[in-house]
């Protein structure tokens, strides 16, 4: 996945301690305790980002199509 695609989906850029501008990652929050998180900027392989369910590193998404589908599915089934 490309950084631009994550931003277009609504992921927010988060910096490390003391706002280390050279080190960052992205998050997408659905509800309290349920978020998606990317790998950090210093962990990119060939400029590609990976999305995981926060606190569950065994679930990884590597395509923007899958992440978009997941977000759409969760949004459609979220009680307001």
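The values are calculated or read from the model by the stated rules, or taken from the named source; none is laboratory data. The model shown is predicted, which means the values in this text are computed figures rather than measured ones. Using ideal geometry, Cβ is built from the backbone for each residue, glycine included, and neighbour counts are taken over all protein chains shown.
Can you find even one residue in the stretch 45-52 that is free of Cβ contacts under 8 Å to residues at least 40 places away in the same chain and farther than 15 Å from residue 1 by Cα? The answer is no; no qualifying residue exists. Return yes when residue 9 is within 14 Å of the chain's Cα centre (by Cα) and either closer than 15 Å to residue 74 by Cα or at pLDDT 95 or above (or both) and no when it is not. When the stated conditions are applied, residue 9 passes them.
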